[in-house]
Amino acid sequence: MKKAQLIAISVAGGAALLAGYFATSMMPEPQAPIVQKQEVDSIPVLVAGADIAVGQIVNEGNFRWVSWPREAASRGYITNENGAGEKRKRELSGSVARFALLNGEPITPQKLIKAGQGGVLAAILPGGMRAISTKIDPKTAAGSLILPNDHVDVILIRRMRGKSGTEEIVSDTMFRNVRIIAIGQQIETKEGKKAADGAATTATLELTPRQAEMMALANAMGEITLSLRSVADLSSDPQASGGMDFNKKSGSAVRVLRYGAKSRVYGVN
């Protein structure tokens, strides 16, 4: 390559570098982002310091204070303005949890019950309802797969004498859509638990006072079987408020012969 060409290329390269330098120096420097801080009016609210199970006895170590937007704080929340909430926090020590509480969930007096105000079962039982137990085993409780808070139909299987004088086995659907409060001593479904205690011999049901009377009579008359319901049926079939009438004549019920056993379903819904 000739000397003249080399000089021309060098001059052109130097001109390009010089132009780039001037162009860069003329560009404005980027400005730092402006951060605006907005103060939120907050208030200390008492929350669960860790997960709390149903029936657990709590103390001050189970609670903690967190900042909560004042507008979002419900009237039922326990707040700590000017340190006044510390006294209420101490008063809650020794209470029993009526419901399962998650870590960080606000504490309200309705979720806890003080010792001496009733047992755990009485604390979680809705107003106006009764708890009554019935004997179960794997074959009468869906193979021990029924858990607390499941809903079931209650079926009574009993022996009775027919018009011809022969003994018949009759099944009666007593109640539909009844909530299970406890299986044995288990009143809450543990995380990851897919079945109830197989050794449990009782199921505690949530019934109305009238239903509780009928259930007590049925326990003495025959064998109780619990039929597990789908969660899809809970809202479409509300719990029956009545109960089967044991004094009804057999002709007033619908009888269906199934595999040699007569079934009668009373209109309890």
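Values in this text are rule-based calculations from the coordinates and carry no lab data. Being a predicted model, the structure only gives us computed values, none of them experimental. Every residue, glycine among them, receives a Cβ derived from its backbone with ideal geometry; neighbour counts consider all protein chains shown.
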Two-site label geometry, Arg158 and Leu121: point separation in nm, points 7 Å out along Cα→Cβ | 2.3 nm
Length gained when the stretch Ala199-Phe99 is fully extended (0.36 nm per residue, less Cα-Cα span) | 33.5 nm
Can you list residues whose amide H is under 5 Å from Asp51's amide H, if they're 5+ apart or on another chain and H is modeled 1.01 Å from N?
-> Asn103
Cβ-Cβ FRET estimate between Ala73 and Ser10, R0 fixed at 45 Å, reported to 0.05 = 0.05
